[in-house]
């Protein structure tokens, strides 16, 4: 096994003319990554999978994607760019789709499921250029979180996402990676379990487990130190810094989402507006009759 730093350096050493499907896939097979070295990039969210940038060059982008149990991506493409996937730990399932109909004038489409395959530590994979539309999933039945390493060549920021049921598609701006947390990543070991490994079984920071009891316990400890005019130990200073940085990241995501809604850049926006309008009417109830 190699460290993630050695893995990234090795990718960077491949010249552009040799950065081919076969050569990069062989590189992944020959250089499995030691999961312990991914600590600075292994950030999970109970809301959705997270994208954690490791390295971006003009030729390629290397991202660690963290999947909680049951999480999956939308059906999407990569705008004609090459993509390879390797597993640092866990496993994921990839479902490919064939584009049966594509109507850019009306942003309409029809998809047909085709091949499905598994990616685990022993079998890295690549996106099929003949069928580049796919989704990635970490099914509940797998019973474990997963971290995948994705290599995109060349880097891109917008892809197409598809709604199979509605037979529609739209452009989607990729969510921001967790770069705002960079100053804190080296301080917190989220895989080996600096925080509460015995309780979570995963060695994940309490703020990422979704447990109110754990969050309340941290708050009580913080208050105890403040009440007794004691300085917080470095561990808790890092805890507070981490929370602030995480909230800023969440805020940036929400602001970006609101902007995309206002600019009507999301597929299905009409259904979303209709749903919330109906829900608001239901909550307000019928108006009182006028006397």
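The values are calculated or read from the model by the stated rules, or taken from the named source; none is laboratory data. Computed from a prediction, not measured in an experiment: that's the story for all the values here. Cβ atoms come from the backbone with ideal geometry, glycine included; neighbour counts cover every protein chain shown.
Residue 150 passes every criterion in (1) modelled with pLDDT of 90 or more; (2) surrounded by 16 or more Cβ atoms within 10 Å (Cβ to Cβ); (3) farther than 26 Å from residue 27 by Cα apart from (3).
For the stretch 5-28, residues that are in contact (Cβ under 8 Å) with a residue 60 or more places away in the chain and either in a loop (DSSP other than H, G, I, E, B) or under 23 Å from the mean Cα position of the chain (by Cα) (or both) total 6. Just give me the residues in the stretch 73-100 being touching a residue at least 60 places away in the same chain (Cβ under 8 Å) and either in a strand (DSSP E or B) or at positive phi (or both), in sequence order. Residues satisfying the conditions are 75, 76, 79, 82, 83, 84, 85, 86, 87, 88, 97. The sole residue among 124, 129 that is touching a strand residue (DSSP E or B) at 6+ places or on another chain (Cβ under 7 Å), touching a residue at least 24 places away in the same chain (Cβ under 8 Å) and either buried (at least 18 other Cβ atoms within 10 Å of the Cβ) or more than 20 Å from residue 49 (Cβ to Cβ) (or both) is 124.
Checking the structure you have, find out if any residue of the stretch 11-18 is surrounded by 17 or more Cβ atoms within 10 Å (Cβ to Cβ), at pLDDT below 95 and assigned by TED's automatic domain parsing to the domain that holds residue 146. Taking every residue of the stretch 11-18 in turn, none turns out to be surrounded by 17 or more Cβ atoms within 10 Å (Cβ to Cβ), at pLDDT below 95 and assigned by TED's automatic domain parsing to the domain that holds residue 146. Name the residues in the stretch 49-72 that are surrounded by fewer than 16 Cβ atoms within 10 Å (Cβ to Cβ) and either in the same structural domain as residue 253 (by TED's automatic domain parsing) or assigned to a strand (DSSP E or B) (or both), would you? Listed by number, the list holds a single entry, 56.
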